[in-house]
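One structure is given here, and the rest of the page talks about it.
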Amino acid sequence: MQPQSKIVIIGSGMAGSGLALELAARQIPVTLITGETAGYYSRPLLSHAFSDQTTKDRMMLKSWKDMETAGVTVMTGTRVLSINREEKSVLWESNSSSGELPYDQLVLATGSDALIPGPWKAQKTHFSLLNSYNDLENLLPKVGEVQNSIAIVGGGLIGCEVASDLNKAGKKVTLFHGVDRLMERQLSESQSAELLAHFQFLGIDIRLNTMVKGFEPGKVLLPEGDSFSADLILVAVGFLPRTELAKQAGLETGRGIKASDFLKTSDDSIFAIGDTAEINGQIYAFVLPIRSQVKWLTDYLSGKTTEPWTPGVYPAKAKIHGLQLKW
Amino acid sequence: MQKYICIVCNHIYDPALGDPDSGIAPGTPFDQLPDDWSCPDCGVTKEDFELYAG
Ligand SMILES: Cc1cc2nc3c(=O)[nH]c(=O)nc-3n(C[C@H](O)[C@H](O)[C@H](O)COP(=O)(O)OP(=O)(O)OC[C@H]3O[C@@H](n4cnc5c(N)ncnc54)[C@H](O)[C@@H]3O)c2cc1C
Ligand SMILES: [Zn+2]
């Protein structure tokens, strides 16, 4: 028998876990290292967990035990601190120990953080984010305690989905957006108008063209010295690919980790997929293209294809209660 | 009729309910869903659904 090459994946989101499970299903040994502790969960459902109490449990896709049973070696609660490209190993650390793990092929599936604009970083304790299962666990009790109103900063996909869900949960929501229409990156002008009308009908207070200046405890600071008081402030103004590991290791990075159409970074033995990957200048931060990358890389690593990954057309839709919005 | 589950978000397609929001009538079996049907919760295609045993 041929000695199997050793594949190591960093990150247990839908990119990393998805790939690990597909490889394991083909009897290919794979080790998954993740900072996560709860399990492999469905991130898109985060924005729908307020109106429906069952979502939080339903979003757990696989326990670590399920993953092990499927044939994946998992190292949880473990952070990769650095990559040694010369020796082809990663340095990892958990609460109880640390060590080095060698690889033949390394896959960076480190995902993305919620974007916090520079000036707001120092005010981080005054607002919440919704980017991970941990964030959700922190937020749920806070949402429960809200007496009056919730402020959402950002009228993109996540801001609008959360506004819709908190409204459905019976909360009074005010949403601030810096430009003149909602979800301007995804929707046509008429769809934006439709969404606005839908939200206004539901009693969601939408403040367009309102550039938020900053935060104080319980307050959103607005232009011209105005402010808005809220029991809870949620910021959703974009995402930031996690590129630090790659950068430290001297791999090429842009907004994401730069990768070719073979999903390879500037190091031939290191791949990048998911939210963190910038493939030929493009970041594909949603489910469909990531599933496509996962399937392609599975084929590539198992020798089933030598053709490059080609992006397709990926229809998408927003999870807004009571309104179909597709693009 | 067999139920199917989405491997990306655990959404369950129940033929008895169909997917009225996408114009799928109650009683439509999974294999008769159109190819461009997508998961109402996360948007993946039929390919990413598997048989649900529960
Ligand atoms: C609220 C919300 C709603 C969304 N809704 C939709 C939707 O409806 N449809 C859609 O298509 N997309 C949606 N998205 C986007 C989609 O969820 C993401 O594109 C997708 O989850 C990205 O998966 P990923 O595996 O690349 O990254 P992530 O899910 O971010 O996973 C990254 C993993 O890497 C780990 N990690 C990072 N660095 C290290 C390290 N140094 N050591 C160890 N582990 C590390 C993290 O712990 C994590 O497990 C939504 C996103 C959010 C936040
Ligand atoms: Zn789904």
Among the lysines in region A:116-237, how many pairs, 8 or more places apart or on different chains, have alpha carbons under 25 Å apart? 18
Starting from the Cα gyration tensor of the protein assembly as shown, multiply each eigenvalue by 5, take the square root, and state the resulting semi-axes largest first in whole Å. 35, 27, 19
Where both residues lie in the protein assembly as shown, what percent of DSSP beta bridges are antiparallel, nearest 5? 55 percent
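Can you tell me the accessible area per residue over region A:248-302, all protein chains present, probe 1.4 angstrom, in square angstrom? List each step's numbers first, then the result.
Details: 1870 Å² over 55 residues.
Averaged over the residues of region A:248-302, the accessible area is 34 Å².
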Label-point separation, A:GLU87 to A:SER266 (7 Å along Cα→Cβ), nm: 2.3 nm
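Rounded to the nearest 100 Å², what is the sum over both chains of accessible area buried where B meets A, with a probe of 1.4 Å?
On the way: alone 3500 and 15770 Å², together 17970 Å².
Rounded to the nearest hundred, the buried surface is 1300 Å².
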Could you check how much of the accessible area of the protein assembly as shown is carbon and sulfur, as a whole percent, using a 1.4 Å probe? 48 percent
Computed for the protein assembly as shown: size of charge dipole around the Cα centre, +1 on C-beta of each Lys and Arg, -1 on C-beta of each Asp and Glu, debye to nearest 20, value 420 debye
Sequence-distant or interchain residues sharing an amide H contact under 5 Å with A:LEU175, placed H: which? A:ILE152, A:ASP205, A:ILE206, A:ARG207
What FRET efficiency do you get for A:ALA70 and A:ASN134 if R0 is 25 Å and r is their Cβ-Cβ distance, rounded to the nearest 0.05? 0.55
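Applying a 10 Å radius around every beta-carbon, put A:272-284, A:48-60 in order of their mean neighbour count, most first.
Values: A:272-284: 22.2, A:48-60: 17.2.
By packing density, highest mean first, the sequence is A:272-284, A:48-60.
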Toy charge model, Lys and Arg Cβ at +1, Asp and Glu Cβ at -1: region A:188-259 dipole around Cα centroid in debye, rounded to 20, equals 420 debye
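The values are calculated or read from the model by the stated rules, or taken from the named source; none is laboratory data. None of these values were measured; they are calculated from a predicted model. Every residue, glycine among them, receives a Cβ derived from its backbone with ideal geometry; neighbour counts consider all protein chains shown. We work out accessible area using only protein heavy atoms, side chains counted, and drop any ligands, DNA or RNA first. Shrake-Rupley method; radii C 1.70, N 1.55, O 1.52, S 1.80 Å.
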